[in-house]
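Here the structure comes first, spelled out in structure tokens, and everything after it is commentary.
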Amino acid sequence: MKKYIKKSIFVYMQAVILVLAALSCDEILDKQPLTSISDASFWSSEEDAMLALVGCYKFPSGWSSDDFAHPQGLMYLDLAGGNGVEKENFTTQGMASSNTIATSGNIHRYWSNAYSQIAHYNTFLDKIVDAPMDESKKEMWIGEVKSLRAYYLFYLAFHFKDIPMPLTTLGIEDANTIVQTPQSDVYKQLEEDLTAAISVLPLERSSSEYGRFTKGAAQVLLSRLYLAQNKWTEAAAALKPIIESGVYQLDRSNGEDSYERLFQVGGEYSSEMIFIIQYMQDNFTTARYIYQTPESNGGWHQFAPYNELVKAFFCTDGKGIENSSVYDDEDPYANRDPRLYASIFLPPLGSYEGTVYKDVTYNCFQGPNKADTYNKFTLFNGYCPKKGLDPSISNLYESYVHTPLMRYAEVLLSYLEAVNESSPGSVGQELLDLTINDIRDRVNLPPIQIANVSSQELVREAVRKERRVELVFEGFRYFDVLRWGIAAQELNHTFTGVKLSDDPNAPNFRGSGASASPVDEDMYYQFETRRWSDHNRYFPIPQNDLNINENLVQNEGYN
């Protein structure tokens with residue numbers, strides 16, 4: 001069954017590559033087919049249209065990492081939102097800082113990759129109109145491609161504000177003179193497109209169509225659009241049918257390991273997945289693993305989760321570290337939320353023996369210049385992200401593990417948030433058990449009792465804490481921090497790493513005198529100070545495009 005499904009997604013991919021090559025051009029918004037493929041002859045049958053449709057599902061792979069639908073691109077956004085840092089400073093200084101500038105290569109690639117994808121979708125939408133095929137099927141295919149386009153347009157508008165919104169294939173002159181559409185108008189267009197798509201997309205897909213957009217996926221994307229605008233009633237209305245459909249449920253198929261295994265090979269077929277990016281061994285892969293894997297396992301250890309994130313994970317009694325009776329700051333990794341162990345490599349400290357992966361114990365306290373040493377690089381801090389790594393993958397340069405873009409846990413938390421914000425009186429024990437407690441139950445955390453979250457503010461706090469740990473490294477943190485309006489407080493301070501000691505005999509000894517590693521009052525390594533200004537709410541419009549198109553206007557606060 002699984003082998004058949006995987007084959008069905010990629011059966012046309014070799015031909016699709018040829019089609020996509022024909023849809024390429026140097027200009028970002030001008031991606032018209034070249035003469036190597038004749039539009040008139042290609043769009044002559046339903047089979048041709050299907051081939052083009054499959055091409056629309058080809059997302060960036062290989063080393064194309066700065067993208068809103070790429071595992072590393074999502075990681076960057078998570079780190080930018082206060083969950084960690086990238087050791088070459090792309091995410092904090094380059095993307096979400098007072099020092100962010102319009103010439104940032106990372107920001108430009110998010111922009112250009114998105115428009116490359118949108119250009120493919122526009123070509124499909126332009127050409128399928130006259131394709132000889134069943135009209136009801138045509139309408140459905142248009143709906144799913146408009147949903148794919150809406151995904152990228154939404155994230156462009158959310159992060160860049162007013163953006164060019166091409167809805168048809170552009171020539172070079174039009175592409176180089178296009179003006180920006182106000183964010184509110186972009187959102188209105190996306191609402192119309194997604195609402196129309198929801199009316200024609202199927203609730204479920206057959207095995208041969210697995211991986212394509214469904215009604216549920218379009219509803220999730222529509223809910224994100226509403227959440228971004230604080231349209232709480234509309235967001236709840238978009239999410240409720242997904243829950244009531246009974247199509248999705250949290251995956252408990254691997255017992256206590258269910259959460260961790262969800263993001264490894266095989267998890268793409270989980271009952272929890274609503275929309276994912278699939279890769280294919282030896283053909284369509286990413287370099288994500290070489291970046292994410294610790295040095296002790298042969299990787300580059302490119303990312304360092306903050307200790308502020310480690311502290312955000314609950315204890316086994318379901319409480320935060322600040323009020324848990326089972327938490328000991330001298331033994332900070334004991335008695336913690338299983339999602340912490342599934343998500344972050346932790347060093348040996350106190351009673352915790354260190355994360356073991358592929359028979360190697362992760363240890364950042366082995367001394368200067370050793371693998372993963374907490375201060376080996378300026379933006380190392382002793383931690384490394386683990387979530388999504390699969391020990392069965394041997395080639396770190398070519399990972400084919402899937403990337404979840406939408407899963408049922410998001411639906412449950414977003415629905416609770418939307419109901420709480422729109423109608424707090426409707427939040428009772430039944431709703432808590434349906435949503436946040438279902439998620440906590442999977443990792444054996446005690447349920448939240450309504451008596452302990454008796455106000456709208458307390459429910460809001462509970463949802464926000466749960467989202468941070470449940471959805472960690474899936475690209476949600478910067479989205480959440482920005483839409484909640486808390487970036488100024490979350491991203492304006494000195495961040496910390498692992499716990500150190502003044503005891504020369506301790507393995508985590510921080511050194512002495514002028515060479516001692518700086519620590520906070522609780523002895524956690526201080527390694528990065530971030531500054532975030534109000535104008536950083538939006539990314540700068542890339543300077544490359546401003547140089548080409550004089551009609552584009554830079555966002556406020558950027559030169």
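Might you report the magnitude of the Cβ-based charge dipole of segment 196-348 about its Cα centre, with Lys and Arg at +1 and Asp and Glu at -1, to the nearest 20 debye?
Details: 13 positive and 20 negative charges, 163 e Å.
It comes to approximately 780 debye.
How big is the convex hull of the Cα atoms of segment 115-177, per residue, in Å³? Write down the numbers at each step before the final one.
On the way: hull volume 4.9 nm³, N = 63.
Taking the convex hull of the Cα positions in segment 115-177, it is 78 Å³ per residue.
Given bins 10 angstrom wide, list per bin the percent of all Cα-Cα distances in segment 357-442, short to long.
Bin by bin from 0 Å, the calculated values are 13, 25, 23, 22, 15, 2.
For segment 445-559, divide the Cα radius of gyration by the Kirkwood radius and give the resulting Rg/Rh value with two decimals.
Values: Rg = 20.9 Å, Rh = 18.5 Å.
When Rh is taken as the Kirkwood radius, the ratio is 1.13.
Pop a pseudo-label 7 angstrom from the Cα along the beta-carbon direction at both Asn547 and Glu322 and give the gap in nm to one decimal.
4.7
In degrees, nearest 10, range 0 to 90: what is the angle between the Cα axis of helix 183-200 and the longest Cα principal axis of the chain?
Approximately 70 degrees, to the nearest ten.
For Ile274, which sequence-distant residues (separation of 5 or more, or a different chain) have an amide H within less than 5 Å of its own amide H, given hydrogens modelled in the peptide plane?
Placed amide hydrogens put Met406, Arg407, Tyr408 under 5 Å from Ile274.
Mind ordering 517-524, 77-84 by average Cβ neighbours within 10 Å, highest first?
Details: 517-524: 14.9, 77-84: 27.6.
The peptides rank, most packed first, as 77-84, 517-524.
Let's see if you can work this out: charge +1 on each Lys and Arg Cβ, -1 on each Asp and Glu Cβ, no other charges. What is the dipole magnitude of the chain about its Cα centre, in debye to the nearest 20? Don't skip to the end; give the middle numbers.
Values: 48 positive and 74 negative charges, 107 e Å.
With only Lys, Arg, Asp and Glu charged at Cβ, the dipole is about 520 debye.
Pairs to check: Lys146/Lys387; Lys319/Lys465; Lys138/Lys161; Lys58/Lys146; Lys311/Lys465. Give those whose C-alpha atoms are more than 21 Å from each other in this structure. Mind dumping the intermediate values first?
Numbers: Lys146/Lys387 31 Å; Lys319/Lys465 11 Å; Lys138/Lys161 32 Å; Lys58/Lys146 15 Å; Lys311/Lys465 11 Å.
Violating the 21 Å limit, Cα to Cα: Lys146/Lys387; Lys138/Lys161.
Over the chain, what is the mean sequence separation of C-alpha contacts under 8 Å (at least six apart), divided by residue count, expressed as relative contact order in percent? Each step should come with its number before you reach the end.
On the way: 998 pairs, mean separation 103.0, N = 559.
Result for the chain is 18 percent.
Over the chain, with every protein chain in place, what whole percent of the accessible area is carbon and sulfur at 1.4 Å, could you tell me?
Values: 10290 of 21480 Å².
Carbon and sulfur atoms account for 48 percent of the accessible area of the chain.
Considering only protein heavy atoms, what per residue accessible area in square angstrom results for the chain with a 1.4 angstrom probe?
Working: 21480 Å² over 559 residues.
Dividing the accessible area of the chain by its residue count gives 38 Å².
Over segment 351-458, what relative contact order in percent results from Cα pairs under 8 Å that are six or more residues apart?
On the way: 71 pairs, mean separation 13.6, N = 108.
Across segment 351-458, relative contact order equals 13 percent.
Would you work out the Kirkwood radius for segment 194-309? I mean one over the mean of 1/r across all pairs of different Cα atoms, in Å. The partial results should precede the final answer.
On the way: mean 1/r = 0.0588 Å⁻¹.
Hydrodynamic radius (Kirkwood, Cα only) of segment 194-309 equals 17.0 Å.
Counting pairs of Cα atoms in segment 386-428, how many percent are more than 13 Å apart? If you can, show how the numbers build up before the last one.
Values: 610 of 903 pairs.
Percentage above 13 Å: 68.
Any idea what the relative contact order of segment 164-297 is, in percent, if you count C-alpha pairs under 8 Å spaced at least 6 apart?
Details: 92 pairs, mean separation 21.6, N = 134.
Normalised by residue count, the contact order of segment 164-297 is 16 percent.
Can you tell me the Rg and Dmax of the chain, counting just the alpha carbons, in angstroms?
Cα radius of gyration and Dmax of the chain are 23.6, 78 Å respectively.
Of the peptides 456-463, 525-532, how do they stack up when ordered by the mean number of other Cβ atoms within 10 Å, highest first? It would help to have the intermediate numbers written out before the result.
Details: 456-463: 17.2, 525-532: 18.9.
Peptide ranking by packing, descending: 525-532, 456-463.
Please list the radius of gyration and Dmax for segment 290-433, considering alpha-carbon atoms only, with Å as the unit.
My reading of the Cα-based Rg and Dmax gives 18.2, 56 Å.
So which aspartates and glutamates can Lys499 reach, going by Cα to Cα under 18 Å and dropping same-chain residues fewer than 8 places off?
Correct list for Lys499: Glu308, Glu322, Asp328, Asp329, Glu330, Asp331, Glu353, Asp372, Asp520, Glu521, Asp522, Glu528.
Equivalent ellipsoid semi-axes for segment 363-510, as square roots of 5 times the alpha carbon gyration tensor eigenvalues: give them largest first, rounded to whole Å. It would help to have the intermediate numbers written out before the result.
Details: eigenvalues 253, 87, 50 Å².
One finds semi-axes of 36, 21, 16 Å for segment 363-510.
Roughly speaking, what is the stretch gain from Ser392 to Ile101, that is 0.36 nm per residue apart minus the C-alpha to C-alpha distance, in nm to one decimal?
Working: separation 291, 0.36 × 291 = 104.76 nm, distance 4.01 nm.
Roughly 100.7 nm would be gained on extension.
Which of the peptides 130-141, 380-391 is most tightly packed, and how do the rest follow, judged by the mean count of other Cβ atoms within 10 Å per residue?
Details: 130-141: 14.0, 380-391: 23.2.
Taking the mean over residues of other Cβ atoms within 10 Å, the ranking is 380-391, 130-141.
Using the Cα centre of segment 214-358 as origin and beta-carbon charges of +1 (Lys, Arg) and -1 (Asp, Glu), tell me which of Ser253, Asn230, Ala334 is placed farthest towards the positive end of the dipole.
The Cα lying farthest towards the positive end belongs to Asn230.
The values are calculated or read from the model by the stated rules, or taken from the named source; none is laboratory data. These numbers were taken from a predicted model, which means no experiment stands behind them. Methodologically, a virtual Cβ is constructed for each residue, glycine included, from the backbone with ideal geometry; neighbour enumeration extends over all protein chains shown. With ligands, DNA and RNA removed, areas are computed over all heavy atoms of the protein, side chains included. Shrake-Rupley method; radii C 1.70, N 1.55, O 1.52, S 1.80 Å.
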